[in-house]
Structures are given as structure tokens and as C-alpha cells.
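Heads up, the thing below is written out as C-alpha cells.
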Amino acid sequence: MNRREFMKTAGGAAAFAAIPGVATKGATYDLIIRGGRVIDPASRLDGVRDVAIAQGRIAAVGPKIAGGAADEIDARGKLVVPGLIDIHTHAGRSADGPPMLLRDGVTGWIDAGSQGADHVDDIVAIARSSPQPGRVLVNIGRAGILPEGDTMDLARADVAAARAAIERNREFVVGVKARLSANVAGDHDYEVLRRAQEAASAFSLPVMIHMGQTTSSMAKLLPLLKRGDIVTHMFAPPPNSIVGDDGRILPAVLDARRRGVWFDVGNGVAGHMRWDTVETIMKARFWPDTISTDWNTMSRTTGVVDMPNCLSKLLNYGMSVPQVIACGTSNAARVFPVFKGRGTLKAGAPADVAILELRDGAFEFLDNYTNKITGRQRLFPSETILAGRRLSLVRLVLLPGDRPNPHQSY
Ligand SMILES: [Zn+2]
């Protein structure tokens, strides 16, 4: 559909008032977000604009959009950005996870290996009922995350079981997770990753590795990664971080990026991020492709807090506001096909929007080692629009047959 056809369809449908309570007679649009600082990295846009929404999609972005809407939001003084996409969460562990994330502006999530083959169907069930699109990485350790280490017993890295789990959940399992730290995989990290690739290769799916404090060096592990795979916890301190003692990014890391491996933040709480390592890596100009949280329902009480907070942390290391927004929207949308066409406010895209506040002040940011830095700016979630509906309306009026279909691919 080209833009004119889309506008015709959207306008026609709105005038017809096909959706009670959303489209109002005579209104051109369902919703207009007025006067915010619109940042849409995919359009290279950063400026004060209006955003008009009709029939669950972005209808127009421009200065002072004419025509009425059934509802308007005054976003003056706020940021209007694409709905955030968090590619490393544990949202699938609880039915409360996805709606909590929605309040933070997160309109797409990946559960990164909370469960392995034995119980991944539980995570898939949460993804199926999630209001926003959610997908799942199956842990190569068949029992999922274990306190004693997912694959400390190498027999748990069961390729046949992982393949069967993917096979029965083709629509929802979009990759394989391999947690490789020594306290998770012992000295089997290389073999665990090899098996993860073996499971994923049958379906041409990516593998996400959890790096940091591994037995094997990155120089040994990274050659096992193919284009489209993801390295999470890229700021993990030594042993075996992505940067050498000389402050230079390891050649194997540069090679991996060159052949299309993504590098992701995965903030988390233990062992994944230390400010001095962050500083060295950022100074070497090796910046993240994506910024993710490693979120769970307890994150409000840890250094994660929420995704806008995790994005804000990198503002202290040379990245601009549009750059961190790109890491949580357009870049993240490129990693998994389920998010194709999302992470942008281009006309015709699904109308998933995060309205954020960028506040000035003195804000403390935590790494995973109780070290604090103080920053001058922080992003806060303000309001979320999912498939064209304001979060408050989504929560109040959503009926079973009335649910936006999050699993439709665009
Ligand atoms: Zn994680």
C-alpha cells in the first residue's frame, strides 16, 4: 500500500466510524500527539512535530497537522519516539511482565532464555497473551536458568530437545540463548555454544550469547557466531571482556561486528556492567548496536529501573539522545524479524509510540558493582500508545475480541 492509498483507507475508515469509541464522526484521525520533540531515527527526524494516528497506524508526521481527531495529546516539552523494543528481558517469567513493560514505553520484547526446552511453553504462553509483541529465545540448557548453572551439567545442553521445542513453537521461539559465564557453563562454554548453533541452524535462527567471565577467551568463542547473532552483556568486565588491557577492542570482536554480529548492552544486575569497562569500551568508540535491560518484574528496585533509565546511562558516555533512542527502537527492530516495520514513526507503521520526558538534574546511575555515576539528564516514561491506543484506554476498554493482534506480521 502506498501512502496515498493508506491515507484513503485510514481516512475512509475513520469517517465510517467502524470502531466505536475510537473514531468519531467528522474526525480525520483517531489520535493526534501535538507539539512534542519527535525523534524517529529511521527517518533521521529530530524536531517538533505532530503525529497523527488512524486505524492503529501512523497516518502522518508533520508540523501542525490540520484536521481533527477523536483524541489529542499535548506533548509539548516531551519526547515522542517509536515504541521501545527491548531485545533482552525476562518478561515471559510472569503474566505481569508485559503490561509492566508497556508502562515503561516498551511495545516489543524478547524473553532471552528464561526457560529451556522443558518449560519454554510456559514462556510462549505469556508471549501469546502479551498485549504487545513478545517473542522467546529458548535456553540451550533444557532446564532453563538454574542457580547451579544452566549447563554446568553438559548433558543439559540437549540439541534434540531444543530443536523439538522450537519445532512446536515456530511462531514464538525466534532464537537460542547460550549463557556462557563460568558460573553457568563451567568450562564447557565452547561446546555449549557449538550445540546452541547446532539447534538454531536447523531453523536458520540467531543465537544470543551471554558473555563475560567465561572460561574461554572471546577470541575462541566469537568465531562460532554468524551474521545476525547477538552478543549480550557487551560491557561485562574482565576476565574475557571485549576490550584488552591496552584499551583496544579485541580483533575477534571487530571481526564479529564486521560480519554482522550485533553487540547489545543487557544491563542486568550482576557481573554484566562496570563503569570503568563501559568507559574504556565507549572511549574506543565501540558503541552498542542495541541497548537492552535484562529486565524482570523486580527491576524497579535494582539498578535497571526501566528501559528509559538504561538508555539514559549511555548519555554519560558520549551518545546523544537520538543515538540512544535508535539503540532502543530502529536498531532493535532490525535484530528480530517479528519487529520488521516497527521501531519507527514512518507513515504506515504500526502506531506504537513512547512519550518520554527528558529531565535535567542530577541523577544517579548504578552499574552491577554498586558503583554510581551522576548524570545531568534522564529519560522517564510518560505515556505509551500501543497499536494506536493510549495505554489507559488499552487497559480500560480492551475486551477479548477487541484486542489488537500483536502477532500479525507487518
Ligand atoms: Zn538475561
| When only residues in region 155-183 that are in contact with a Gly (Cβ under 8 Å, 6 or more places away or on another chain) and in a helix (DSSP H, G or I) count, which is modelled with the lowest pLDDT? | 183
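So that you can scan it fast, the table gives a plain yes or no per residue for (1) within 16 Å of the ligand (Cβ to nearest atom); (2) open to solvent by less than 20 Å² (accessible area, probe 1.4 Å); (3) at pLDDT below 95:
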| site | (1), (2), (3) |
| --- | --- |
| 248 | no, no, no |
| 256 | no, yes, no |
| 259 | no, no, no |
| 262 | yes, no, no |
| 274 | no, no, no |
| 278 | no, yes, no |
| 282 | no, yes, no |
| 290 | yes, yes, no |
| note | Taking region 237-275 and keeping only residues that are within 24 Å of the chain's Cα centre (by Cα) and outside any loop (DSSP other than H, G, I, E, B), one is left with 253, 254, 256, 257, 258, 262, 263, 264, 275
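Give me a count of the residues in region 354-392 that are among the β-branched types (Val, Ile, Thr) and open to solvent by 40 Å² or more (accessible area, probe 1.4 Å).
Keep residues of region 354-392 that are among the β-branched types (Val, Ile, Thr), which gives 355, 370, 373-374, 384-385.
Subset that is open to solvent by 40 Å² or more (accessible area, probe 1.4 Å): 370, 374.
Qualifying residue count, region 354-392: 2.
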| request: Please state which of the following conditions residue 104 fails to meet, knowing it meets all the rest: (1) more than 16 Å from the ligand (Cβ to nearest atom); (2) over 13 Å from residue 295 (Cα atoms); (3) within 17 Å of the chain's Cα centre (by Cα). | output: (2)
| Looking at this structure, is residue 37 away from the ligand (no atom under 16 Å from the Cβ), open to solvent by 10 Å² or more (accessible area, probe 1.4 Å), part of a strand (DSSP E or B) and of a type outside the set (Asp, Glu)? | yes
| said: Given the criteria away from the ligand (no atom under 16 Å from the Cβ) and not acidic (Asp, Glu), does residue 161 qualify? | reply: yes
| message | Can you say whether residue 136 is more than 17 Å from the chain's Cα centre (by Cα), within 16 Å of the ligand (Cβ to nearest atom), within 17 Å of residue 94 (Cβ to Cβ) and of a type in the set (Val, Ile, Thr), as far as the supplied structure shows? | response | no
| Looking at region 172-183, which of the residues that are open to solvent by 10 Å² or more (accessible area, probe 1.4 Å) and under 22 Å from the mean Cα position of the chain (by Cα) is nearest to the ligand (Cβ to nearest atom)? | 179
| request: Please indicate, with yes or no, whether at least one residue in region 372-395 is in a helix (DSSP H, G or I), farther than 19 Å from residue 81 by Cβ and at pLDDT below 55. | output: yes
| task | Just need a number here: residues in region 73-100 that are more than 20 Å from residue 37 (Cα to Cα) and either away from the ligand (no atom under 14 Å from the Cβ) or of a type in the set (Lys, Arg) (or both). | result | 7
| Does residue 231 meet the test of being within 16 Å of the ligand (Cβ to nearest atom), farther than 23 Å from residue 125 by Cα and assigned to a helix (DSSP H, G or I)? | no
| query | In region 305-352, what residues are open to solvent by 20 Å² or more (accessible area, probe 1.4 Å), more than 16 Å from residue 288 (Cβ to Cβ) and outside any helix (DSSP H, G or I)? | reply | 305, 340, 341, 342, 346, 347, 348
| note | When region 184-228 is checked residue by residue, the ones that are assigned to a helix (DSSP H, G or I), within 16 Å of the ligand (Cβ to nearest atom) and under 19 Å from residue 110 (Cα atoms) are 196
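The values are calculated or read from the model by the stated rules, or taken from the named source; none is laboratory data. In this text, all values refer to a predicted model and were calculated from it rather than measured experimentally. We place every Cβ from the backbone using ideal geometry, glycine too, and count neighbours over all the protein chains shown. Heavy atoms of the whole protein, side chains included, go into the accessibility calculation; ligands, DNA and RNA do not. Shrake-Rupley method; radii C 1.70, N 1.55, O 1.52, S 1.80 Å.
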